[in-house]
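These notes are about the structure you will find just below.
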């Protein structure tokens, strides 16, 4: 937005320009935390659960922000602050979203929207790795995948961006539609459909319909990338889109998977990629990523320099030969199964490594929550886990169906206290649970704790 005047920024946002910035140039990015304010930033004052962000408009201007976008009252209150653009709108969030859509159009970039019950973040990360050698690509950071985060990511994209890869999260019906209306995607990727957010949506059919809002939101002539044999999505297909399927019977198939490379068939064309990861679910997520890359005119090749977002399965080498699989960002029945399969395979490749699982509650599963956790206990046993630590009241049910050594804890703090002392040299430890459980505390504790050579954990 740097090339825009303050007047252009206000028009694009549908806001009233009360006072222009002391410059003819526009901002470089938008922020919603006044503590991040500085030169080139447009502070958007949003009304949150705990605070009204508009009250901090003067502080943002004092910190050197290009300007502020907030309610008329807060904009008036900021007149006494240091000079900066004052933009007023009754609905600052809606104004920020309109501004993001305008900037998306100005960029002229191809936009790929990625959603799914599980795997959307790793698919987004894979797309960035596949596209970056060929196009100037920007992808969503961390959890910037909501009605607030997504427009912030669009507004942070610099001029010259050729492809925007935007992760789209949802908690209920209508939210993917809202994100698609802001982003106007050319390509929509639905990675998977599974039992997530059942507490709000009730049925798998409703989940599929909510994810399919991405298909509805695609521009005519766009491309929908969907799993093969996903009949719940069939009613949402559109004749004015190209639909590309992926999976065993899809248009894009994994035909060969070796230690350091994969071969993918794309409608009869072979693509060979060198990959630094062996996880089956990551190799599976290469399929929709390759399909989406092809849809924006890129044929991936060579080395896939994947960098996973934090908490999505990174390997961390701890002292005394302990390997931590940090997958603590979120969890549902599908992603838990994939993570347990990865744990089993990783331990097997390491020879005598003991598989250890620290598993937290899977949230938002509705009335069937206990049943899903009981079934997970059976999955843990089938995966060959030798030591299980459950975290949270729901996760306690996992231990009821597990036939090995198990320990039940009520929260992440309790787990962080006992897990270091349970580990021994050579263990492979998976840590995974829903975001609300806060298992990153256990990961941090282990990273600061060195198991001794005889297997006892050192104190922290």
- Note on the structure: Subset of region 317-341, residues assigned to a strand (DSSP E or B) and either buried (at least 17 other Cβ atoms within 10 Å of the Cβ) or at pLDDT below 90 (or both), comes to 323, 324, 325, 326
- Restricting the search to region 402-417, which residues are buried (at least 16 other Cβ atoms within 10 Å of the Cβ) and either over 26 Å from the mean Cα position of the chain (by Cα) or not assigned by TED's automatic domain parsing to the domain that holds residue 360 (or both)? 402, 406, 407, 408, 409, 414
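Residue-by-condition table, conditions (1) surrounded by fewer than 24 Cβ atoms within 10 Å (Cβ to Cβ); (2) touching a helix residue (DSSP H, G or I) at 6+ places or on another chain (Cβ under 8 Å); (3) modelled with pLDDT of 95 or more:
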| residue | (1), (2), (3) |
| --- | --- |
| 147 | yes, yes, yes |
| 150 | no, yes, yes |
| 162 | yes, no, yes |
| 165 | no, yes, yes |
| 168 | no, yes, yes |
| 184 | yes, yes, yes |
- Item | Residues being more than 23 Å from residue 418 (Cβ to Cβ) and either outside any loop (DSSP other than H, G, I, E, B) or over 26 Å from the mean Cα position of the chain (by Cα) (or both) - total across region 358-373 | 7
- Item | Sole exception among (1) out of contact with any strand residue (DSSP E or B) (no Cβ under 9 Å at 6 or more places or on another chain); (2) in a helix (DSSP H, G or I); (3) surrounded by 15 or more Cβ atoms within 10 Å (Cβ to Cβ) for residue 397, by number | (1)
- Query: Looking at this structure, is residue 355 at pLDDT 95 or above, over 25 Å from the mean Cα position of the chain (by Cα) and over 25 Å from residue 140 (Cβ atoms)?
  - Reply: yes
- Take the residues in region 9-25 that are modelled with pLDDT under 95 and out of contact with any strand residue (DSSP E or B) (no Cβ under 8 Å at 6 or more places or on another chain), then tell me which one is nearest to residue 103 (Cα to Cα). 25
- Residue by residue through region 380-394, note down the ones that are under 26 Å from the mean Cα position of the chain (by Cα) and surrounded by fewer than 18 Cβ atoms within 10 Å (Cβ to Cβ). 393
- Message: So, residue 54, is that one more than 15 Å from residue 151 (Cβ to Cβ), in the same structural domain as residue 71 (by TED's automatic domain parsing) and part of a helix (DSSP H, G or I) or not?
- Response: yes
- Message: Of the residues 366, 436, 392, only one is at pLDDT 95 or above, assigned by TED's automatic domain parsing to the domain that holds residue 323 and under 20 Å from residue 118 (Cβ atoms); which?
- Response: 392
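The values are calculated or read from the model by the stated rules, or taken from the named source; none is laboratory data. Worth saying up front: this structure is predicted, and the values here are computed from it rather than measured. For neighbour counting, all protein chains shown are included, and Cβ atoms are generated from backbone atoms with ideal geometry for every residue, glycine included.
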